[in-house]
Amino acid sequence: MKQFLILLILLASCKENIDKSEESIYPDFQYPESKEISKDWKVLVSVWGELNNDSKQDLVVIYESIHNLKQIRYSYDTVFLPARSIVVYVSENGSFKKIVQNNDFIARYNEGDFSLDSLHPKLILENKHLTISYRYTRAETSYTFGYVQDSLRIQYVKTCGFSMIANKYLCSDYDFTSFRAIVREGTYEKVRIKADTIIIQPRYQKPINDFKELYETRLAKEITL
């Protein structure tokens with residue numbers, strides 16, 4: 001009995017160590033010039049701009065791991081592929097201060113549609129807003145975050161897609177400053193058939209660090225971001 005209890009303790013200890021190692025596959029991207037970053041990670045895309053209204057250039061970087069890493073995406077089976085992380089740095093006292101690191105939100109290279117070899121995010125940093133956008137074969141999605149007290153909170157989301165089979169497009173504009181969304185439908189022949197206004201619930205400007213995978217935030221029935 002004593003040996004069995006010892007075995008259980010050892011197994012629990014091993015599981016805890018494995019869990020910790022899985023949680024630590026992402027380094028703390030404290031500074032953009034870190035040697036650890038250049039060794040195992042590369043800059044996938046970056047952008048400079050003014051974010052916090054101090055007239056200094058701030059930096060947003062999406063890093064991608066050079067090697068395949070073990071991950072669980074969308075609560076599915078474990079996958080091995082390059083990981084991605086978005087990090088936001090603001091200029092402070094001649095150096096950088098990290099205010100955001102999100103290891104889940106940025107789509108991986110294989111999370112586009114079937115016709116894309118690799119999904120590549122685009123960054124725009126202007127007017128104290130950061131926009132992250134993706135372009136698919138017949139659709140596009142963008143997320144715009146605004147700077148609020150050392151945090152970035154969702155302000156606007158735009159999605160638009162066209163179905164060749166259904167001959168219909170669906171475009172949605174989500175405004176988290178007024179908590180309203182406008183959903184427009186149309187066809188190839190008629191640019192606009194109808195438009196509906198939806199009240200966004202809950203009335204909450206979600207910070208970027210709280211976003212998980214794409215399309216996991218539910219706003220209404222059959223509407224997720």
task: Please work out the C-alpha center-to-center distance from segment 38-53 to segment 127-205 and express it in whole Å.
output: 25
Neighbour net charge for P121 - beta-carbon separation under 11 angstrom, K R +1, D E -1: +2
task: Once you have a ≥ b ≥ c as the square roots of the Cα gyration tensor eigenvalues for segment 43-138, tell me rounded if a/c is under 1.5, and otherwise prolate or oblate according to whether a/b is larger than b/c.
output: prolate
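Any read-out appearing in this document is the output of simple, stated calculations on the displayed coordinates, not a laboratory observation. Since we're looking at a predicted model, the values are computed, not measured. Positions of Cβ are generated from backbone atoms using ideal geometry, with glycine treated the same way; all protein chains shown enter the neighbour counts.
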